[in-house]
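First comes the structure, then the notes that go with it.
The values are calculated or read from the model by the stated rules, or taken from the named source; none is laboratory data. Owing to the predicted nature of the structure, the values given are computational and were not obtained by experimental measurement. Glycine gets a Cβ as well: all are built from the backbone with ideal geometry, and neighbour counts include every protein chain shown. Protein only, heavy atoms only, side chains kept; ligands, DNA and RNA dropped before computing areas. Shrake-Rupley method; radii C 1.70, N 1.55, O 1.52, S 1.80 Å.
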Amino acid sequence: MATSHSHGGDRLSALPDSALVRVLSHLASDEAVRSSVLSRRWLDVYQAVPVVNLVDTNKGERYGCGAGGLKVCFDHQVTSAILSKGMTTPIHTFRLSVLQPPYDLLNQWIGTIVTSGVQDLDVKLRYRDTDMPTLCPLSASADLDENETEGSYTKTHRQIFGCTTLRRLRLKNWTLDLPPGMVMESLETLCLARIMDPDGLLQQLVSSCPRLVDLTLQECPSIKEISVPSRSLRSFAMICCHNASSVELHTTCLQSLHYKGGLPPRRSSFFTVANYQGIKAATIEICEKLCSRGSDVESDADPDDGLDTDADASSYEGPYGESDTEPDVESDTEPKDSAQPKNSAINNGVEYSSWVPESLWCMYVRCLDRSVRRINIGNYKVRPLEKMLSRFLLSRAAALEEFLVTLAAGLYPQKDEIGNELASWRWNRCTRVTCKQK
């Protein structure tokens, strides 16, 4: 390497082809192709890169102007990137963000990479803004008509679901269309965002993936009841699927759970997990768009709304685990004042309340007593339900080490007052309460 450098070479070019290919694999395909002009050493290296990664930057129109005013077609760029691979170079990764390509051409692209043995397929379709319905939140006056949207969203290509080498699949802005009797034995990661499903095929897709490890469902309006049979599932995320009413996870390996949406219906078991004790990270978010769309979500809402007054620890289903290590803080007493407290000094002309109803005090959550070490609350607006939740968590989390609150815009000047109020609710006096700016 030193000899090559002394004769005008460079250390990077002296690396073996396998190392150079790995370097170029982390670049977009158009950037990787540009490396061919560096020197003779780099002339054909990009052809051995098993990745096609392209993003269409055009907006509104499918054709944009390149250098010298010449029309540049993104379709030709994708086709060239696929065909430029050497005969011995399979395309293992195909990532594409494209503005509404012709269906036949998209079918050729996908057919070619499936034949090549693709393992990671990520295709995000974009449409004109007028063709993109608002999915989060859904219209308050009427449900989304998926049959009408089906005509504007491209149908998924069936050969995708017959690919035996596919391990990771991410699709955004499609209409779901599946072949009969499909089974995706090798698929481990499935991410579906803004998927229209007028025929109710999504459950069939999830059920046909027996080795699924990571599942993400985002802004899929057709989901109402979903059951995930994979016993290997470790991570599950449901984001802004506002029509969902029931989620059943049969896995015994779940470690991460992420939910963002509205409050589940009263007296319902929204999440059912076969083995919730193994969960190490749970993220629960209330969709801000959903809360702000109507006038029925106000700061003086009834604190008992959304709570099951007959809740019982033995029948409660949720992501709660139990640690083998007992905390240093005693956890067999109940907070002394479960009655409604006086109004907080932080009011800004609004009467806030942190009153926690008796039904919530009676709820026993094992992970709070023994295993939860860190709690993070985002976009904290000092609303009654937010304060009620914070007070309940702080007064029950015996092993809690840190309680981090991200304040909503405009509240940071009052961080000391808010922090003092939160700190006054701590059960474990060693818990660090931190307020930061959004």
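Points to keep in mind about this one:
- Of the helices (runs of 4 or more DSSP H) contained entirely in region 352-438, those carrying at least 3 residues that are surrounded by 20 or more Cβ atoms within 10 Å (Cβ to Cβ) and in contact (Cβ under 8 Å) with a residue 12 or more places away in the chain fall at 366-370, 384-396, 415-423.
- Every residue from region 381-438 that is at pLDDT below 90 and among the β-branched types (V, I, T): V382
- Scanning region 13-42 for residues that are within 32 Å of the chain's Cα centre (by Cα) and open to solvent by 80 Å² or more (accessible area, probe 1.4 Å) yields R22, H26, E31.
- Test: residue in region 49-59 that is closer than 19 Å to T93 by Cα, assigned to a helix (DSSP H, G or I), out of contact with any strand residue (DSSP E or B) (no Cβ under 8 Å at 6 or more places or on another chain) and modelled with pLDDT of 85 or more: no
- If you filter region 165-182 down to residues that are at pLDDT below 95 and within 22 Å of R231 (Cα to Cα), you find that the one that is least open to solvent (accessible area, probe 1.4 Å) is M182.
- On inspection, T216 qualifies as open to solvent by 10 Å² or more (accessible area, probe 1.4 Å), in contact with a His (Cβ under 9 Å, 6 or more places away or on another chain) and not aliphatic (A, V, I, L, M).
- For region 110-129, the condition of being open to solvent by 30 Å² or more (accessible area, probe 1.4 Å), at pLDDT below 80 and not in a loop (DSSP other than H, G, I, E, B) holds for at least one residue.
- Top-ranked residue in region 70-108 [being of a type in the set (S, T, N, Q), open to solvent by 40 Å² or more (accessible area, probe 1.4 Å) and farther than 14 Å from D56 by Cα; ranked as modelled with the lowest pLDDT]: T88
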